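Q: Got a structure here, written out as C-alpha coordinates. Questions coming.
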Amino acid sequence: MATEKALADYDVMSKAFQQEAYGFYEKLQKEAPVYKLPNADVYLISRYDDIKAISLDPATFSNKLSYGMIQGDRWKIYEDEVARRGWGIKRVLNGADLPEHRRVRKYLDSILNARAVEALKPRIQAVTDMLIDQFADRGACEFVSDFALRLPSIIIAEHFGFDPGNIDNFLRWAATISRITNHVLTTEQLLECAEAELEMQHYLHDVMERRKIDPKNDLLTRLVIENSGDTVDDNPLTEQELQNILRDFILGGFGTVVNMLGNSLYLLLRHPDQMEKLRSHPELMPNFIDECLRIETAIQVFPRITTRAVEMHGIHMPQGALIGLCLGGANHDPSKFTCPHAFDIERADARSHITFNFGPHTCPGRLLAKLELQIAFTTILQRLGDIQLAEALPNPHAANWRHRNIERLPITFRPA
Ligand code: HEM
(Lines give C-alpha, C1' and ligand atoms only; values in the text may rest on other atoms or scores of the structure.)
Protein backbone atom coordinates (compact mmCIF):
# COMPACT_ATOMS: atom_id res chain seq x y z
CA MET A 1 0.00 0.00 0.00
CA ALA A 2 1.36 3.46 -0.93
CA THR A 3 2.27 5.52 2.11
CA GLU A 4 1.06 9.11 2.28
CA LYS A 5 3.71 11.69 1.52
CA ALA A 6 5.01 13.60 4.56
CA LEU A 7 5.15 17.41 4.50
CA ALA A 8 8.95 17.40 4.60
CA ASP A 9 9.04 15.28 1.41
CA TYR A 10 7.52 18.01 -0.76
CA ASP A 11 10.07 20.04 -2.70
CA VAL A 12 8.25 23.32 -3.36
CA MET A 13 10.93 24.45 -5.82
CA SER A 14 10.58 21.40 -8.10
CA LYS A 15 8.53 21.18 -11.29
CA ALA A 16 6.74 18.13 -9.88
CA PHE A 17 5.42 20.34 -7.06
CA GLN A 18 3.11 22.09 -9.53
CA GLN A 19 1.04 18.91 -9.80
CA GLU A 20 0.82 18.38 -6.06
CA ALA A 21 0.63 21.99 -4.81
CA TYR A 22 -3.03 21.94 -3.78
CA GLY A 23 -2.62 18.58 -2.00
CA PHE A 24 0.32 20.09 -0.12
CA TYR A 25 -1.68 23.15 0.95
CA GLU A 26 -4.59 20.98 2.06
CA LYS A 27 -2.20 18.96 4.19
CA LEU A 28 -0.72 22.15 5.63
CA GLN A 29 -4.17 23.49 6.51
CA LYS A 30 -4.97 20.28 8.39
CA GLU A 31 -1.63 19.47 9.99
CA ALA A 32 0.55 22.61 10.09
CA PRO A 33 -1.24 25.91 9.43
CA VAL A 34 2.05 27.66 10.27
CA TYR A 35 4.79 25.60 8.63
CA LYS A 36 8.51 26.30 8.55
CA LEU A 37 10.06 25.03 5.32
CA PRO A 38 12.72 22.45 6.28
CA ASN A 39 15.51 23.92 4.16
CA ALA A 40 14.73 27.66 4.38
CA ASP A 41 13.84 30.22 7.06
CA VAL A 42 10.36 30.71 5.63
CA TYR A 43 7.07 30.17 7.48
CA LEU A 44 4.15 29.24 5.23
CA ILE A 45 0.63 30.37 6.23
CA SER A 46 -2.08 28.51 4.36
CA ARG A 47 -5.49 29.13 5.96
CA TYR A 48 -7.70 31.80 4.44
CA ASP A 49 -8.63 33.54 7.73
CA ASP A 50 -5.01 33.64 8.94
CA ILE A 51 -3.78 35.22 5.69
CA LYS A 52 -6.53 37.82 5.77
CA ALA A 53 -5.76 38.71 9.43
CA ILE A 54 -2.01 39.00 8.66
CA SER A 55 -2.60 41.22 5.62
CA LEU A 56 -4.80 43.52 7.69
CA ASP A 57 -2.07 43.90 10.36
CA PRO A 58 0.83 45.62 8.53
CA ALA A 59 2.30 46.88 11.81
CA THR A 60 3.17 43.30 12.79
CA PHE A 61 3.55 41.81 9.31
CA SER A 62 5.55 44.30 7.32
CA ASN A 63 6.06 44.53 3.58
CA LYS A 64 9.53 45.97 4.02
CA LEU A 65 11.41 43.00 2.70
CA SER A 66 14.93 42.87 1.46
CA TYR A 67 15.78 40.48 -1.36
CA GLY A 68 18.81 39.71 0.81
CA MET A 69 16.50 37.48 2.87
CA ILE A 70 16.31 35.15 -0.12
CA GLN A 71 19.72 35.74 -1.72
CA GLY A 72 21.84 36.06 1.45
CA ASP A 73 25.03 38.15 1.50
CA ARG A 74 25.44 37.87 -2.27
CA TRP A 75 22.53 40.30 -2.57
CA LYS A 76 25.02 43.09 -1.83
CA ILE A 77 26.72 42.38 -5.19
CA TYR A 78 23.43 43.14 -6.94
CA GLU A 79 22.62 46.19 -4.83
CA ASP A 80 26.08 47.70 -5.29
CA GLU A 81 26.09 47.09 -9.05
CA VAL A 82 22.69 48.77 -9.50
CA ALA A 83 23.70 51.71 -7.27
CA ARG A 84 27.05 52.12 -9.06
CA ARG A 85 25.73 52.18 -12.62
CA GLY A 86 22.12 53.23 -12.06
CA TRP A 87 19.83 54.80 -9.47
CA GLY A 88 19.78 52.05 -6.83
CA ILE A 89 16.75 50.22 -5.51
CA LYS A 90 14.35 52.12 -3.26
CA ARG A 91 11.10 50.27 -2.82
CA VAL A 92 8.30 52.71 -2.08
CA LEU A 93 5.24 50.71 -3.15
CA ASN A 94 5.37 46.94 -2.99
CA GLY A 95 8.13 46.48 -0.40
CA ALA A 96 7.29 49.59 1.67
CA ASP A 97 5.21 50.34 4.78
CA LEU A 98 3.36 53.40 6.03
CA PRO A 99 3.82 56.33 5.72
CA GLU A 100 5.95 55.98 2.53
CA HIS A 101 3.51 53.53 1.03
CA ARG A 102 0.43 55.73 1.47
CA ARG A 103 2.19 58.67 -0.15
CA VAL A 104 2.72 56.62 -3.29
CA ARG A 105 -0.58 54.69 -3.40
CA LYS A 106 -2.48 57.97 -3.81
CA TYR A 107 -1.24 58.14 -7.42
CA LEU A 108 -2.37 54.64 -8.16
CA ASP A 109 -5.91 55.24 -7.04
CA SER A 110 -6.46 57.80 -9.76
CA ILE A 111 -4.46 55.90 -12.38
CA LEU A 112 -6.40 52.64 -12.02
CA ASN A 113 -9.76 53.54 -10.45
CA ALA A 114 -13.07 52.30 -11.88
CA ARG A 115 -13.50 55.34 -14.14
CA ALA A 116 -9.99 55.18 -15.56
CA VAL A 117 -10.33 51.45 -16.20
CA GLU A 118 -13.79 51.79 -17.80
CA ALA A 119 -12.32 54.32 -20.22
CA LEU A 120 -9.88 51.63 -21.42
CA LYS A 121 -12.69 49.29 -22.50
CA PRO A 122 -12.79 50.23 -26.23
CA ARG A 123 -9.02 49.94 -26.51
CA ILE A 124 -8.91 46.55 -24.76
CA GLN A 125 -11.62 45.34 -27.16
CA ALA A 126 -9.76 46.71 -30.19
CA VAL A 127 -6.43 45.11 -29.19
CA THR A 128 -8.19 41.80 -28.42
CA ASP A 129 -9.78 41.80 -31.90
CA MET A 130 -6.54 42.81 -33.59
CA LEU A 131 -4.62 39.95 -31.92
CA ILE A 132 -7.29 37.36 -32.75
CA ASP A 133 -7.42 38.63 -36.36
CA GLN A 134 -3.77 37.64 -36.69
CA PHE A 135 -4.43 33.92 -36.13
CA ALA A 136 -8.19 33.38 -36.51
CA ASP A 137 -7.97 32.09 -40.11
CA ARG A 138 -5.17 29.65 -39.30
CA GLY A 139 -7.43 27.46 -37.13
CA ALA A 140 -4.53 27.08 -34.68
CA CYS A 141 -2.27 29.19 -32.48
CA GLU A 142 0.07 29.06 -29.53
CA PHE A 143 -2.19 30.93 -27.14
CA VAL A 144 0.49 32.23 -24.72
CA SER A 145 2.81 33.88 -27.25
CA ASP A 146 0.16 34.76 -29.86
CA PHE A 147 -2.33 36.30 -27.44
CA ALA A 148 -1.75 36.19 -23.67
CA LEU A 149 1.70 37.81 -23.69
CA ARG A 150 0.49 40.63 -25.95
CA LEU A 151 -2.88 41.89 -24.68
CA PRO A 152 -2.03 43.05 -21.11
CA SER A 153 1.41 44.31 -22.14
CA ILE A 154 0.06 46.52 -24.92
CA ILE A 155 -2.67 47.93 -22.63
CA ILE A 156 -0.33 48.77 -19.73
CA ALA A 157 2.34 50.19 -22.03
CA GLU A 158 -0.16 52.44 -23.79
CA HIS A 159 -1.88 53.45 -20.53
CA PHE A 160 1.37 54.82 -19.16
CA GLY A 161 2.60 56.19 -22.45
CA PHE A 162 5.43 53.74 -23.07
CA ASP A 163 6.21 52.75 -26.63
CA PRO A 164 4.37 49.43 -27.25
CA GLY A 165 7.28 48.54 -29.56
CA ASN A 166 9.32 48.04 -26.38
CA ILE A 167 7.04 45.31 -24.98
CA ASP A 168 9.48 42.48 -25.55
CA ASN A 169 11.97 44.32 -23.36
CA PHE A 170 9.36 44.84 -20.60
CA LEU A 171 8.55 41.15 -20.62
CA ARG A 172 12.22 40.20 -20.61
CA TRP A 173 13.03 42.61 -17.75
CA ALA A 174 10.05 41.40 -15.70
CA ALA A 175 10.90 37.71 -16.25
CA THR A 176 14.60 38.21 -15.44
CA ILE A 177 14.21 40.48 -12.41
CA SER A 178 11.42 38.45 -10.80
CA ARG A 179 13.81 35.47 -10.58
CA ILE A 180 15.27 37.27 -7.53
CA THR A 181 12.14 36.50 -5.53
CA ASN A 182 11.51 33.03 -6.92
CA HIS A 183 14.86 31.22 -6.74
CA VAL A 184 18.14 31.33 -4.84
CA LEU A 185 20.55 32.59 -7.52
CA THR A 186 24.27 32.22 -8.16
CA THR A 187 26.47 35.33 -8.30
CA GLU A 188 26.48 35.11 -12.09
CA GLN A 189 22.68 34.91 -12.23
CA LEU A 190 22.36 37.84 -9.81
CA LEU A 191 24.59 39.90 -12.09
CA GLU A 192 22.38 38.98 -15.07
CA CYS A 193 19.37 40.26 -13.10
CA ALA A 194 21.31 43.42 -12.23
CA GLU A 195 21.95 43.99 -15.96
CA ALA A 196 18.19 43.77 -16.66
CA GLU A 197 17.48 46.12 -13.75
CA LEU A 198 20.04 48.63 -15.04
CA GLU A 199 18.75 48.42 -18.60
CA MET A 200 15.24 49.14 -17.31
CA GLN A 201 16.42 52.02 -15.09
CA HIS A 202 18.24 53.71 -17.96
CA TYR A 203 15.22 53.24 -20.22
CA LEU A 204 12.90 54.77 -17.56
CA HIS A 205 15.32 57.63 -17.01
CA ASP A 206 15.43 58.40 -20.74
CA VAL A 207 11.64 58.36 -21.22
CA MET A 208 11.11 60.59 -18.18
CA GLU A 209 13.75 63.05 -19.37
CA ARG A 210 12.08 63.14 -22.80
CA ARG A 211 8.69 63.91 -21.19
CA LYS A 212 10.23 66.93 -19.43
CA ILE A 213 11.30 68.38 -22.77
CA ASP A 214 8.36 67.14 -24.83
CA PRO A 215 5.27 66.64 -22.58
CA LYS A 216 2.47 64.41 -23.88
CA ASN A 217 -1.06 63.67 -22.77
CA ASP A 218 -0.13 60.52 -20.83
CA LEU A 219 0.48 59.19 -17.33
CA LEU A 220 4.26 59.34 -17.64
CA THR A 221 4.07 63.07 -18.31
CA ARG A 222 1.68 63.50 -15.39
CA LEU A 223 4.01 61.65 -13.00
CA VAL A 224 7.03 63.63 -14.17
CA ILE A 225 5.33 67.05 -14.13
CA GLU A 226 3.51 66.56 -10.81
CA ASN A 227 6.78 65.62 -9.16
CA SER A 228 9.01 68.17 -10.82
CA GLY A 229 9.21 70.29 -7.65
CA ASP A 230 7.53 73.30 -9.29
CA THR A 231 4.02 72.15 -8.41
CA VAL A 232 1.80 72.57 -5.34
CA ASP A 233 2.91 69.15 -4.07
CA ASP A 234 5.49 70.07 -1.41
CA ASN A 235 6.74 66.50 -1.09
CA PRO A 236 7.49 65.46 -4.67
CA LEU A 237 8.66 61.96 -5.49
CA THR A 238 12.29 61.73 -6.53
CA GLU A 239 13.41 60.21 -9.81
CA GLN A 240 14.55 57.12 -7.91
CA GLU A 241 11.10 56.77 -6.31
CA LEU A 242 9.30 57.27 -9.63
CA GLN A 243 11.51 54.65 -11.24
CA ASN A 244 10.70 52.18 -8.50
CA ILE A 245 6.94 52.77 -8.85
CA LEU A 246 7.14 52.15 -12.59
CA ARG A 247 9.32 49.11 -11.84
CA ASP A 248 6.53 47.64 -9.67
CA PHE A 249 4.05 48.18 -12.48
CA ILE A 250 6.31 46.54 -15.02
CA LEU A 251 6.96 43.59 -12.70
CA GLY A 252 3.37 43.33 -11.38
CA GLY A 253 1.21 44.40 -14.28
CA PHE A 254 2.64 42.51 -17.24
CA GLY A 255 3.08 38.89 -16.21
CA THR A 256 0.14 38.32 -13.87
CA VAL A 257 -2.65 38.83 -16.41
CA VAL A 258 -0.62 36.88 -18.98
CA ASN A 259 -0.54 33.98 -16.54
CA MET A 260 -4.26 34.22 -15.73
CA LEU A 261 -5.16 34.20 -19.43
CA GLY A 262 -3.25 30.94 -19.90
CA ASN A 263 -4.47 29.37 -16.64
CA SER A 264 -8.10 30.23 -17.43
CA LEU A 265 -8.08 28.87 -20.99
CA TYR A 266 -6.40 25.69 -19.74
CA LEU A 267 -9.20 25.31 -17.17
CA LEU A 268 -11.84 25.57 -19.92
CA LEU A 269 -9.97 23.06 -22.08
CA ARG A 270 -9.90 20.56 -19.23
CA HIS A 271 -13.61 21.17 -18.46
CA PRO A 272 -15.46 21.20 -21.81
CA ASP A 273 -18.83 21.04 -19.99
CA GLN A 274 -18.01 24.38 -18.29
CA MET A 275 -16.87 25.85 -21.63
CA GLU A 276 -20.22 24.87 -23.21
CA LYS A 277 -22.13 26.33 -20.27
CA LEU A 278 -20.21 29.60 -20.62
CA ARG A 279 -20.89 29.71 -24.37
CA SER A 280 -24.61 29.28 -23.84
CA HIS A 281 -24.75 31.55 -20.75
CA PRO A 282 -22.42 34.50 -21.43
CA GLU A 283 -23.94 36.28 -18.42
CA LEU A 284 -21.81 33.89 -16.30
CA MET A 285 -18.62 35.53 -17.63
CA PRO A 286 -17.83 37.71 -14.53
CA ASN A 287 -18.34 34.72 -12.23
CA PHE A 288 -16.24 32.50 -14.51
CA ILE A 289 -13.38 35.02 -14.22
CA ASP A 290 -13.62 35.06 -10.43
CA GLU A 291 -13.70 31.27 -10.32
CA CYS A 292 -10.54 31.10 -12.49
CA LEU A 293 -8.82 33.68 -10.28
CA ARG A 294 -9.76 31.55 -7.27
CA ILE A 295 -8.87 28.09 -8.48
CA GLU A 296 -5.66 28.86 -10.42
CA THR A 297 -4.31 31.86 -8.53
CA ALA A 298 -1.57 33.51 -10.59
CA ILE A 299 0.47 34.61 -7.56
CA GLN A 300 0.47 31.59 -5.29
CA VAL A 301 2.69 32.92 -2.49
CA PHE A 302 3.26 36.52 -1.35
CA PRO A 303 5.83 37.50 1.30
CA ARG A 304 5.74 39.47 4.56
CA ILE A 305 8.25 39.92 7.42
CA THR A 306 7.48 40.00 11.16
CA THR A 307 8.29 43.24 13.00
CA ARG A 308 8.14 41.43 16.38
CA ALA A 309 8.06 37.85 17.65
CA VAL A 310 4.63 36.30 16.99
CA GLU A 311 2.97 33.06 18.07
CA MET A 312 0.31 31.48 15.83
CA HIS A 313 -1.24 28.03 16.18
CA GLY A 314 1.40 27.25 18.82
CA ILE A 315 4.32 28.06 16.51
CA HIS A 316 6.80 30.75 17.52
CA MET A 317 7.98 33.04 14.70
CA PRO A 318 10.88 35.30 15.71
CA GLN A 319 11.13 38.99 14.87
CA GLY A 320 12.38 39.33 11.29
CA ALA A 321 10.89 35.99 10.17
CA LEU A 322 10.05 35.66 6.48
CA ILE A 323 6.38 34.72 6.00
CA GLY A 324 4.93 33.17 2.84
CA LEU A 325 1.21 33.90 2.48
CA CYS A 326 -0.10 30.97 0.42
CA LEU A 327 -2.85 32.76 -1.49
CA GLY A 328 -3.25 29.77 -3.82
CA GLY A 329 -3.74 27.48 -0.83
CA ALA A 330 -6.19 29.85 0.88
CA ASN A 331 -8.33 29.87 -2.27
CA HIS A 332 -8.67 26.09 -1.83
CA ASP A 333 -9.35 26.25 1.93
CA PRO A 334 -12.29 23.88 2.63
CA SER A 335 -13.35 25.97 5.64
CA LYS A 336 -14.01 28.84 3.21
CA PHE A 337 -15.08 27.16 -0.06
CA THR A 338 -17.18 24.00 -0.38
CA CYS A 339 -15.60 21.36 -2.66
CA PRO A 340 -12.68 23.79 -3.09
CA HIS A 341 -10.90 21.84 -5.84
CA ALA A 342 -13.98 21.72 -8.11
CA PHE A 343 -14.05 24.19 -11.00
CA ASP A 344 -17.60 25.55 -11.04
CA ILE A 345 -18.34 28.70 -13.02
CA GLU A 346 -21.62 29.05 -11.11
CA ARG A 347 -20.00 28.92 -7.66
CA ALA A 348 -22.00 31.37 -5.53
CA ASP A 349 -19.04 32.71 -3.54
CA ALA A 350 -16.34 32.67 -6.25
CA ARG A 351 -15.84 36.41 -5.69
CA SER A 352 -14.62 35.81 -2.13
CA HIS A 353 -11.24 34.68 -3.45
CA ILE A 354 -8.12 36.18 -1.87
CA THR A 355 -6.20 36.41 -5.18
CA PHE A 356 -5.60 40.18 -4.97
CA ASN A 357 -5.19 40.00 -1.17
CA PHE A 358 -6.64 42.41 1.39
CA GLY A 359 -5.21 45.39 3.25
CA PRO A 360 -3.13 48.39 2.24
CA HIS A 361 -1.24 46.55 -0.51
CA THR A 362 -4.30 44.98 -2.16
CA CYS A 363 -3.62 44.84 -5.89
CA PRO A 364 -4.28 48.24 -7.51
CA GLY A 365 -4.57 46.56 -10.92
CA ARG A 366 -7.42 44.21 -10.01
CA LEU A 367 -10.16 46.07 -11.91
CA LEU A 368 -8.01 46.31 -15.00
CA ALA A 369 -7.02 42.65 -14.76
CA LYS A 370 -10.65 41.51 -14.49
CA LEU A 371 -11.78 43.71 -17.36
CA GLU A 372 -9.01 42.41 -19.63
CA LEU A 373 -9.90 38.82 -18.77
CA GLN A 374 -13.61 39.39 -19.36
CA ILE A 375 -13.18 41.08 -22.72
CA ALA A 376 -10.61 38.50 -23.81
CA PHE A 377 -12.75 35.45 -23.00
CA THR A 378 -16.01 36.96 -24.27
CA THR A 379 -14.34 37.65 -27.61
CA ILE A 380 -12.48 34.33 -27.76
CA LEU A 381 -15.71 32.38 -27.24
CA GLN A 382 -17.54 34.51 -29.81
CA ARG A 383 -14.86 34.20 -32.47
CA LEU A 384 -13.36 30.73 -31.95
CA GLY A 385 -15.48 27.58 -31.99
CA ASP A 386 -14.57 24.05 -30.92
CA ILE A 387 -11.39 25.06 -29.07
CA GLN A 388 -9.17 22.05 -28.33
CA LEU A 389 -5.65 21.39 -27.07
CA ALA A 390 -3.42 20.73 -30.09
CA GLU A 391 -1.29 18.24 -28.17
CA ALA A 392 -1.25 16.54 -24.78
CA LEU A 393 0.43 18.67 -22.09
CA PRO A 394 1.35 16.31 -19.23
CA ASN A 395 2.73 18.85 -16.73
CA PRO A 396 2.39 22.27 -18.34
CA HIS A 397 2.92 24.52 -15.31
CA ALA A 398 6.29 26.23 -15.01
CA ALA A 399 8.52 25.24 -12.08
CA ASN A 400 7.87 28.30 -9.96
CA TRP A 401 6.49 27.95 -6.46
CA ARG A 402 5.45 31.63 -6.18
CA HIS A 403 3.65 31.95 -9.50
CA ARG A 404 1.35 29.57 -11.35
CA ASN A 405 1.56 29.74 -15.09
CA ILE A 406 1.58 27.76 -18.29
CA GLU A 407 4.44 28.56 -20.66
CA ARG A 408 2.95 27.04 -23.84
CA LEU A 409 -0.68 26.38 -24.79
CA PRO A 410 -1.01 25.20 -28.41
CA ILE A 411 -4.68 25.07 -29.45
CA THR A 412 -6.80 24.36 -32.50
CA PHE A 413 -10.22 25.86 -33.21
CA ARG A 414 -12.80 26.55 -35.87
CA PRO A 415 -13.18 30.24 -36.81
CA ALA A 416 -16.76 31.11 -35.76
C1 HEM B 1 -4.75 38.67 -12.44
C2 HEM B 1 -3.80 39.54 -12.37
C3 HEM B 1 -3.18 40.02 -11.09
C4 HEM B 1 -3.00 39.37 -9.91
C5 HEM B 1 -3.34 37.92 -9.58
C6 HEM B 1 -2.36 40.31 -8.99
C7 HEM B 1 -2.07 40.03 -7.66
C8 HEM B 1 -1.48 40.92 -6.80
C9 HEM B 1 -1.17 40.66 -5.43
C10 HEM B 1 -1.47 39.36 -4.70
C11 HEM B 1 -0.57 41.76 -4.92
C12 HEM B 1 0.05 41.92 -3.54
C13 HEM B 1 -0.88 42.38 -2.48
C14 HEM B 1 -0.18 42.39 -1.15
O15 HEM B 1 1.03 42.63 -1.02
O16 HEM B 1 -0.90 42.19 -0.19
C17 HEM B 1 -0.46 42.73 -5.98
C18 HEM B 1 0.13 43.97 -5.86
C19 HEM B 1 0.33 44.81 -6.91
N20 HEM B 1 -0.18 44.69 -8.19
FE21 HEM B 1 -1.29 43.16 -8.88
N22 HEM B 1 -2.15 41.49 -9.65
C23 HEM B 1 -2.65 41.37 -10.94
C24 HEM B 1 -2.69 42.34 -11.90
C25 HEM B 1 -2.09 43.57 -11.79
C26 HEM B 1 -2.10 44.59 -12.81
C27 HEM B 1 -2.85 44.49 -14.14
C28 HEM B 1 -1.36 45.63 -12.35
C29 HEM B 1 -1.05 46.95 -13.00
C30 HEM B 1 -1.84 47.57 -13.79
C31 HEM B 1 -0.88 45.26 -11.02
C32 HEM B 1 -0.07 46.05 -10.24
C33 HEM B 1 0.25 45.76 -8.94
C34 HEM B 1 1.08 46.63 -8.09
C35 HEM B 1 1.75 47.94 -8.53
C36 HEM B 1 1.12 46.04 -6.82
C37 HEM B 1 1.82 46.59 -5.57
C38 HEM B 1 0.79 47.33 -4.72
C39 HEM B 1 1.25 47.79 -3.37
O40 HEM B 1 2.20 47.23 -2.81
O41 HEM B 1 0.62 48.70 -2.84
N42 HEM B 1 -1.36 44.02 -10.72
N43 HEM B 1 -1.04 42.21 -7.12
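Q: Applying the Karplus parametrisation 6.51 cos²θ - 1.76 cosθ + 1.60 with θ = phi - 60° to the phi angles of segment 175-182, what ³J(HN,Hα) value in whole Hz is obtained for each residue in order, glycine and proline being reported as x?
A: Result, ordered by residue: 5, 6, 5, 5, 4, 4, 8, 9 Hz.
Q: With the contact rule set at Cα under 8 Å and sequence spacing of 6 or more, what percent relative contact order holds for the chain?
A: Averaging sequence separation for qualifying contacts and normalising by length gives 27 percent for the chain.
Q: Now, a different point. For LEU44, which sequence-distant residues (separation of 5 or more, or a different chain) have an amide H within less than 5 Å of its own amide H, given hydrogens modelled in the peptide plane?
A: TYR35, LYS36, LEU37, GLY324
Q: Above 40 Å lies some portion of the pair distances; for segment 10-415, what is it as a whole percent of all C-alpha pairs?
A: Counting every Cα pair in segment 10-415, those more than 40 Å apart make up 15 percent.
Q: Note the direction-averaged projected area, equal to a quarter of the hull surface, for the Cα convex hull of segment 11-85, in nm².
A: Over all viewing directions, segment 11-85 projects a mean Cα-hull area of 7.1 nm².
Q: On to the next question. Per residue of segment 133-148, what does 6.51 cos²θ - 1.76 cosθ + 1.60 with θ = phi - 60° give for ³J(HN,Hα)? Whole Hz please, x for Gly and Pro, Karplus curve as stated.
A: 3, 5, 10, 4, 6, 6, x, 7, 7, 9, 4, 5, 7, 7, 10, 4
Q: Relative to the Cα centre, what is the charge dipole magnitude of the chain, using +1 at the beta carbon of each Lys and Arg, -1 at the beta carbon of each Asp and Glu, and rounding to the nearest 20 debye?
A: That gives the chain a dipole magnitude of about 480 debye.
Q: Run the paramagnetic zone check for LEU191: 7 angstrom along Cα to Cβ, then residues of segment 74-95 with backbone nitrogen under 13 Å.
A: 77-78, 81-82
Q: Please compute the modelled spin-label separation between HIS341 and LYS121, points set 7 Å along Cα→Cβ, answer in nm with one decimal.
A: Taking the two extended label points, one gets 4.0 nm.
Q: Sticking with this structure for a sec: Can you give the Kirkwood hydrodynamic radius for segment 304-361, in Å, rounded to one decimal and based on Cα pairs?
A: 13.6 Å
Q: Continuing with this model, one more query. Counting only heavy atoms of the protein chains, get the accessible area per residue of segment 10-415 (1.4 Å probe) and round it to a whole Å² value.
A: Per residue, segment 10-415 has an accessible area of 42 Å².
Q: Using the Kirkwood radius over Cα pairs, work out the Stokes-Einstein diffusion coefficient for segment 190-271 at 37 °C and 0.692 mPa s, in µm²/s as a whole number.
A: So the translational diffusion coefficient is about 218 µm²/s.
Q: Using Cα centres only, tell me the gap between segment 57-105 and segment 308-331 in whole Å.
A: Their Cα centres are 20 Å away from one another.
Q: Please arrange HIS183, HIS403, HIS332, HIS341 by accessible surface area, largest first, computed with a 1.4 Å probe and ligands excluded.
A: Order by accessible area, largest first: HIS341, HIS183, HIS403, HIS332.
Q: Test of understanding: express the Cα radius of gyration of segment 209-331 as a ratio to 2.2 N^0.38 Å, with N the residue count.
A: Scaled against compact globular proteins, the figure is 1.59.
Q: Of all the accessible heavy-atom surface of segment 10-415, with the other protein chains kept in place and a 1.4 Å probe, what percent is carbon and sulfur?
A: 53 percent
Q: For ASN166 and ARG103 in the same chain, what is the full-extension length gain: residue separation times 0.36 nm, less their Cα-Cα distance, in nm?
A: Going from the current span to full extension adds 19.8 nm.
Q: Enumerate the amide H contacts of LEU149 below 5 Å, restricted to partners 5 or more residues apart or on another chain; note that Pro and chain-start residues carry no placed amide H.
A: none
Q: In the neighborhood of PHE170, defined by Cβ-to-Cβ distances under 15 Å, what is the net charge if each Lys or Arg adds +1 and each Asp or Glu adds -1?
A: Value of the local net charge: -4.
Q: Something else now. Using mean Cβ contacts within 10 Å as the protection proxy, how do 74-86, 43-55 order, highest first?
A: Those peptides, ordered most packed to least, come out 43-55, 74-86.
Q: Now for a separate question. Please report how far the C-alpha centroid of segment 267-301 lies from that of segment 397-416, rounded to the nearest whole angstrom.
A: 14 Å
Q: Identify, among LEU246, HIS205, SER110, the residue whose Cα sits farthest towards the positive end of the charge dipole of the chain, taking +1 on the Cβ of Lys and Arg and -1 on the Cβ of Asp and Glu, with the dipole about the Cα centre.
A: The listed residue farthest towards the positive side: SER110.
Q: Just need the relative contact order of segment 1-92 here, percent rounded to a whole number, with Cα pairs under 8 Å and 6+ apart.
A: 12 percent
The values are calculated or read from the model by the stated rules, or taken from the named source; none is laboratory data. What you see is a predicted model; the values in this text were computed from it and never measured. Note that we place each Cβ from the backbone using ideal geometry, even for glycine, and neighbour counts take in every protein chain shown. These accessible areas exclude ligands, DNA and RNA; they are computed on the full protein's heavy atoms, side chains included. Shrake-Rupley method; radii C 1.70, N 1.55, O 1.52, S 1.80 Å.
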